[in-house]
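Contents: one structure, followed by commentary.
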Amino acid sequence: MFDDDNFLDDDMDVKDLVDRFENMVKQHQSCYFDADELNVILEHYLRQNNIKKANMAADFAVKYHPDNPIINIIKAKQLLANSHAQEALSTLKNADVDRSDADYLLTLAACYSDLGEHQKAIKAYMKAAKEFDYKDCEDIYNFIAAEYENLADMENALKFYKMGIRGAEDIDNQYFEMRNCYSYLQKMDEAVEFFRSEIDKNPYSKAAWMALGNCFVRMGQLENAIEQFEYAVAIDPHYKKGYVDIATALNELDRFKETIEIVEEAKRYNALSALLLCLYGEAYAKTGEHAEALKIYQEAIDMDDKVPEAYAGIGFVLSDEGNSKSAIKFLKHAHTLSPYNTDYMYVLVEEYNKLEEYDNALKYANEILELNPYDENVYISIMECHVLKDDPDKALEILERGLLLLPNNAALLYRKAFIYFALEKNESGLLTLDMALNANYDGHIEFLNFDAENLTSNPAIMDLIEEYRKKKK
């Protein structure tokens with residue numbers, strides 16, 4: 001909760017305190033620690049997220065200092081650490097302690113935060129900062145920023161992240177949150193300016209160069225992004241994340257030979273990672289060298305058998321080779337490791353459809369629907385499964401469901417019109433086609449390709465499309 005172990009006494013040697021406490025526990029000895037010392041030891045363990053040892057320190061404090069007022073704060077911290085925020089809050093509210101004490105206020109704020117009462121948390125954090133005369137409060141400002149972010153008040157979140165930047169425990173994460181704020185506010189140009197200023201302050205900051213690069217990624221300027229990532233790697237040739245981000249951007253740009261070159265460079269600096277190998281394998285796969293790609297994906301698995309991209313990569317290669325059964329095996333394992341990655345699920349749907357196992361295809365398509373009901377592609381995917389099952393009524397049903405959430409979605413309307421025409425329901429088809437043309441005239445080209453022979457030979461369809469063509473003129 002505190003950035004400074006010594007918030008109670010600047011002269012207190014925290015390492016010595018912790019070592020003495022741990023030695024006492026290990027040797028089953030009895031040593032004296034006052035309540036304030038045990039509070040510092042507890043905070044040390046909480047920052048390390050070592051709940052077991054935090055509980056030991058708290059239990060020891062309660063046992064030997066039951067009447068000390070600070071014990072109520074220690075009890076609250078222990079309850080909070082063990083996911084009992086409501087009980088922690090009750091303990092604080094019933095405690096006979098100084099309500100203006102900074103330690104009390106910070107613990108109170110953390111309780112409110114865990115309970116989702118973000119405004120109350122902000123108020124408590126601000127009171128705590130005031131108790132410190134607003135000096136060396138960067139960690140508190142970062143807590144406040146996070147609360148504002150939870151409230152979707154990105155302006156204030158950004159303001160406090162900037163105020164707290166010197167106290168960031170993880171500068172990469174701090175920059176990530178700030179990019180989220182800038183992105184939400186649609187102020188990416190300002191983000192670029194900010195991170196350039198961070199680089200001006202410290203030209204050798206890998207984190208700042210990477211943050212700037214990721215701003216360009218969010219702006220779709222991958223060429224500029226690569227340039228910033230390359231600066232980070234130049235600062236530290238052993239920087240694994242830098243190589244990963246460069247390779248990712250290069251693959252996005254279909255510059256696969258350059259991906260291979262950058263991974264070869266990473267090899268020379270012993271900067272390989274399982275994820276980088278997956279990008280390496282993808283580059284070979286995209287250039288048609290399937291055997292080499294499969295070999296590299298296996299190397300990635302040997303390095304880290306929990307990396308889903310490696311199993312998915314093998315699945316994609318096997319899919320390209322027409323080996324659906326084997327592709328499904330690897331894609332299912334990738335899905336198990338990364339259950340929210342819809343890319344894997346979409347390919348599973350395709351592979352099961354190839355095997356005419358439509359119920360299995362629908363199982364994964366419906367998983368996607370649960371995860372992302374605003375994705376037009378999932379309704380199209382489910383529709384296609386029902387069409388392949390020769391169940392046009394179900395196909396219409398899912399399209400109508402999608403249109404409830406995505407009204408006037410041209411892609412869904414064109415498909416709905418197509419099914420009506422296939423069922424020889426021309427009037428409904430024309431009404432729906434009219435809505436689709438009104439939503440996106442250019443979509444008629446794809447629509448006609450659904451069944452060019454039958455659709456283009458229908459005079460009513462072609463007349464309606466011609467009518468909209470003239471309107472566009």
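Points to keep in mind about this one:
- Paired Rg and Dmax values of the chain, which use every Cα atom, in angstrom: 29.5, 95
- Across SER205, SER30, the residue with the most accessible area heads the list, and the full order at a 1.4 Å probe is SER30, SER205.
- List THR287, THR432, ordered by accessible area with a 1.4 Å probe, largest first: THR287, THR432
- Taking θ as phi - 60° and the Karplus parameters 6.51, -1.76 and 1.60, the scalar couplings of region 330-338 work out to 6, 5, 5, 5, 4, 5, 4, 6, 9 Hz in sequence order, x denoting glycine and proline.
- Over region 65-183: Rg over Rh, Cα atoms, Kirkwood Rh: 1.01
- Spin-label zone in region 274-297 - amide nitrogen under 20 Å from a point set 7 Å from the Cα of LYS354 along the C-beta vector: 281-297
- Pairwise alpha-carbon distances in region 180-268 exceed 20 Å for 34% of all pairs.
- The calculated FRET efficiency for the pair GLN86 and CYS31, based on their C-beta separation and a Förster distance of 41 Å, comes to about 0.75.
- Rolling a 1.4 Å probe across the protein heavy atoms gives region 42-142 an accessible surface of 49 Å² per residue.
- Sequence-separation-based contact order of region 71-137, relative, with Cα cut under 8 Å and 6+ spacing, percent: 28
- Cross-link partners of LYS53 among aspartates and glutamates, defined as those whose alpha carbon lies under 15 angstrom from its own and excluding same-chain residues fewer than eight positions apart: ASP19, GLU22, GLU37, GLU43.
- Heavy atoms of CYS137: accessible area, 1.4 Å probe, square angstrom to 10: 0
- Cα gyration tensor shape of region 251-309, rounded if a/c is under 1.5, else prolate or oblate by comparing a/b with b/c: oblate
- ALA422/GLU299 FRET efficiency (R0 41 Å; Cβ-Cβ; nearest 0.05): 0.25
- Accessible area (Å², 1.4 Å probe, nearest 10) - THR107: 0
- Residues ASP98, ASP375, ASP36, ordered by accessible area of protein heavy atoms at a 1.4 angstrom probe radius and largest first, appear as ASP98, ASP36, ASP375.
- For region 72-84, Karplus couplings with θ = phi - 60° (6.51, -1.76, 1.60), whole Hz, Gly/Pro x: 5, 5, 4, 4, 5, 4, 5, 4, 5, 5, 9, 6, 10
- Amide N of region 128-144 lying under 20 Å from the label point, which is placed 7 angstrom from the Cα of ILE171 along Cα→Cβ: 136-143
- Stokes-Einstein, applied to the Kirkwood radius of region 166-221 over Cα pairs at a viscosity of 1.567 mPa s and 4 °C, places its translational diffusion at 116 µm² s⁻¹.
- The relative contact order of the chain, computed from alpha carbon pairs under 8 Å that lie at least 6 residues apart in sequence, is 5 percent.
- Its DSSP H runs of at least 4 residues, each contributing -39,500 (n - 2.57), put the calculated 222 nm mean residue ellipticity of the chain at -23500 deg cm²/dmol, to the nearest 500.
- With DNA, RNA and ligands ignored, accessible area of GLU446 (1.4 Å probe; Å², nearest 10): 100
- Cross-link table LYS206/LYS257; LYS257/LYS354; LYS286/LYS325, entries beyond 23 Å C-alpha to C-alpha: LYS206/LYS257; LYS257/LYS354
- Seen from all directions on average, region 1-148 presents a Cα convex hull projection of 8.3 nm².
- nm² value of the averaged projected area, convex hull over the Cα atoms of region 310-362: 3.1
- Annotation: Cα Rg of region 127-202 relative to the compact-globule expectation 2.2 N^0.38 Å equals 1.09.
- The phi-based Karplus calculation (6.51 cos²θ - 1.76 cosθ + 1.60; θ = phi - 60°) puts the 3J(HN,Hα) values of region 40-50 at 5, 4, 4, 4, 4, 5, 5, 5, 7, 6, 9 Hz, whole numbers, x for Gly and Pro.
- Taken over the Cα atoms of region 241-372, the convex hull encloses 101 Å³ per residue.
- Per-q log10 I(q)/I(0), region 369-468, q = 0.11, 0.20, 0.23, 0.24 Å⁻¹ (Debye; single scatterer per alpha-carbon; no solvent): -0.29, -0.97, -1.25, -1.34
The values are calculated or read from the model by the stated rules, or taken from the named source; none is laboratory data. This structure is a prediction, so every number in the text was calculated from the model and none was measured. Note that we place each Cβ from the backbone using ideal geometry, even for glycine, and neighbour counts take in every protein chain shown. The protein model used for the area step is the full one, side chains on, heavy atoms only, and it has no ligands, DNA or RNA in it. Shrake-Rupley method; radii C 1.70, N 1.55, O 1.52, S 1.80 Å.
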